[in-house]
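Let me begin by presenting the structure, written as structure tokens, before commenting on it.
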Amino acid sequence: MSLDDVEKCVAPGQSGQWNSLYVLLGVILMPVALPFVLMECFYRLRVKRYRNELAEKVVLITGASSGLGESLAHAFYKSGCKLILAARRITELERVKKDLLGLDVGTVTFPPVILPLDLAELKDIPTFAQKALEVHNQIDILVNNGGISVRATAISSAVDIDLKLMVVNYFGSVALTKALLPSMLKRKSGHICFISSVQGKFALPYRSAYSASKHALQAFSDSLRSEVANKGVHVTCISPGYIRTQLSMNALTSKGETYGKMDKTTNSGMRPEKVANRILNAIVCKEKDVIISDLQAKFAYYVRSICPSFYFWIIEKRARRLEKEEAAEQKKVK
Ligand SMILES: NC(=O)c1ccc[n+]([C@@H]2O[C@H](COP(=O)([O-])OP(=O)(O)OC[C@H]3O[C@@H](n4cnc5c(N)ncnc54)[C@H](OP(=O)(O)O)[C@@H]3O)[C@@H](O)[C@H]2O)c1
């Protein structure tokens, strides 16, 4: 089919009408789109300018042995930061460190330091914080990232599971923050970043303990931010949607065992490198509260705030679906 043939297919006057419609739409949408375009340009300029300020900053990342924490380690390392990597699995931290040292970054870099940390052992956290402070005499940025999830209904899981989730995801990060905050306040400088979740904004079925721990983290960070705002310390709370990591594999079941399965939602989630990069931008721009997710999670957040009864209806349906899936799986096992 030639161009002439195509033109013949269009009824006389039709293309002219379409052209006018496009012009009209352009004129109407331009004033709406322009502020967003300008805001995006302004944001990118700010990121470009402030990213350079990360060089030589001392960054402590918890949960740096895999997933998002590992990607954050790469992003901060490439920015010339002095890293302290913490988690329970030292062999995995050694692997991350080796990978980092093998990178050809093209800027001045510093060998990361590894420190063992179990967020569930609250009594050991002050000693850990002291050791972390002794490495470079200060912590400029603390990223509270370490955490675990759950795959169980509220009724099926013992209180011990809720307790474990709250201790690792909430109290562990709170204890570490409290142990490091005095040194930041003394220097009138520092940044504390909490890795929460969109489930800290709205709860989902089969995740009661996880959602509760992330809601608590969100509340703690909002409250803390207001208290330290005029003291040189910044607080950023990050709420990501699904990220392609080992989170579901490492999640706990109702019996406290490891779930060991990669969820479809997690597997089709965002790349951890992309999320880590966005988190770095949020930190350098001193953003306070950031949702990093697809439109579906953002929509759920707004529906939960504006029209809760509709949100409850949606998640009731989701709970029924999960219940059916679980029953079918148990039937298969039998
Ligand atoms: N993946 C997602 O879809 C998603 C979405 C929103 C938010 N998040 C949040 O992102 C953070 C990182 O999770 P991820 O997705 O990267 O999952 P991941 O690959 O399972 O990583 C979890 C990290 O937390 C550490 N951790 C677990 N228990 C710990 C403990 N008791 N003490 C110290 N460290 C502990 C693990 O290290 P060790 O096992 O070596 O201790 C690991 O490095 C979590 O806070 C999670 O809630 C994830």
- request: Return the pairs, sorted by first residue and then second, in which the second residue is within 16 Å of the ligand (Cβ to nearest atom) and in a loop (DSSP other than H, G, I, E, B), the first residue lies in segment 44-67 and is over 15 Å from His234 (Cα atoms) and without any contact (Cβ under 8 Å) to a residue 60 or more places away in the chain, the beta carbons are less than 8 Å apart, and the residues are 6+ apart or on different chains.
  value: Ser65/Arg88; Ser65/Arg89
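Those residues that are assigned to a helix (DSSP H, G or I) and surrounded by fewer than 22 Cβ atoms within 10 Å (Cβ to Cβ), I need them from segment 130-141; list them, please.
Of all residues in segment 130-141, those assigned to a helix (DSSP H, G or I) come to 130-136.
Passing the criteria: Gln130, Lys131, Leu133, Glu134, Val135, His136.
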query: Does Lys261 satisfy being surrounded by fewer than 18 Cβ atoms within 10 Å (Cβ to Cβ), among the basic types (Lys, Arg), assigned by TED's automatic domain parsing to the domain that holds Gly63 and away from the ligand (no atom under 16 Å from the Cβ)?
result: no
message: Criterion first (in the same structural domain as Ser196 (by TED's automatic domain parsing) and assigned to a loop (DSSP other than H, G, I, E, B)) does Glu273 satisfy it?
response: no
message: Here is a check on your reading of the model: is Val47 among the β-branched types (Val, Ile, Thr) and surrounded by fewer than 11 Cβ atoms within 10 Å (Cβ to Cβ)?
response: no
message: Let me confirm something: among Ser79, Ser71, which residue is away from the ligand (no atom under 16 Å from the Cβ), at pLDDT 85 or above, assigned by TED's automatic domain parsing to the domain that holds Cys285 and within 21 Å of the chain's Cα centre (by Cα)?
response: Ser79
statement: When every residue in segment 22-68 that is within 16 Å of Ala282 (Cα to Cα) and in contact with a Lys or Arg (Cβ under 8 Å, 6 or more places away or on another chain) is compared, the one nearest to the ligand (Cβ to nearest atom) is Val59
query: Counting only residues that are polar (S, T, N, Q) and more than 8 Å from the ligand (Cβ to nearest atom), which one in segment 235-256 is farthest from the chain's Cα centre (by Cα)?
result: Ser254
- line: Conditions (1) under 20 Å from Leu204 (Cα atoms); (2) of a type outside the set (Ser, Thr, Tyr); (3) not assigned by TED's automatic domain parsing to the domain that holds Phe202 -> Glu329 fails only (1)
- prompt: So which residues in segment 129-164 are within 10 Å of the ligand (Cβ to nearest atom) and over 22 Å from Leu54 (Cβ atoms)?
  reply: Gly147, Ile148, Ser149, Lys164
- prompt: Could you say whether any residue in segment 264-273 is surrounded by 14 or more Cβ atoms within 10 Å (Cβ to Cβ), within 30 Å of Ser226 (Cα to Cα), touching a Leu at 6+ places or on another chain (Cβ under 9 Å) and modelled with pLDDT of 95 or more?
  reply: yes
- line: If we keep only residues of segment 178-213 that are within 14 Å of the ligand (Cβ to nearest atom) and in a helix (DSSP H, G or I), then the residue farthest from Ile279 (Cα to Cα) is Ala209
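Listed here are the residues, each with its yes/no results for (1) free of Cβ contacts under 8 Å to residues at least 40 places away in the same chain; (2) farther than 21 Å from Ser293 by Cα; (3) of a type outside the set (Asp, Glu).
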{"site": "Lys188", "(1), (2), (3)": "no, yes, yes"}
{"site": "Ser196", "(1), (2), (3)": "no, no, yes"}
{"site": "Lys201", "(1), (2), (3)": "no, no, yes"}
{"site": "Leu204", "(1), (2), (3)": "no, no, yes"}
{"site": "Ala216", "(1), (2), (3)": "no, no, yes"}
{"site": "Asp222", "(1), (2), (3)": "no, no, no"}
{"site": "Glu227", "(1), (2), (3)": "yes, yes, no"}
{"site": "Lys231", "(1), (2), (3)": "no, yes, yes"}
{"site": "Val235", "(1), (2), (3)": "no, no, yes"}
Selection count where residues are under 16 Å from Ala73 (Cβ atoms) and either more than 13 Å from the ligand (Cβ to nearest atom) or surrounded by fewer than 24 Cβ atoms within 10 Å (Cβ to Cβ) (or both), scope segment 115-128: 2
- prompt: Taking the condition out of contact with any Pro (no Cβ under 7 Å at 6 or more places or on another chain), surrounded by fewer than 21 Cβ atoms within 10 Å (Cβ to Cβ) and either more than 20 Å from Leu180 (Cα to Cα) or modelled with pLDDT of 95 or more (or both), does Val37 pass?
  reply: yes
- request: For Ala175, state whether it is assigned to a loop (DSSP other than H, G, I, E, B) and at pLDDT 95 or above.
  value: no
- prompt: Does Thr245 satisfy the condition of being surrounded by 20 or more Cβ atoms within 10 Å (Cβ to Cβ) and assigned to a helix (DSSP H, G or I)?
  reply: no
statement: Contact list, first residue from segment 238-252 and among the polar types (S, T, N, Q), second anywhere and more than 6 Å from the ligand (Cβ to nearest atom) and part of a strand (DSSP E or B), beta-carbon distance below 6 Å, six or more apart or interchain, is Ser239/Ile291
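The values are calculated or read from the model by the stated rules, or taken from the named source; none is laboratory data. Please read all numbers here as calculations on a predicted model, not as lab measurements. We place every Cβ from the backbone using ideal geometry, glycine too, and count neighbours over all the protein chains shown.
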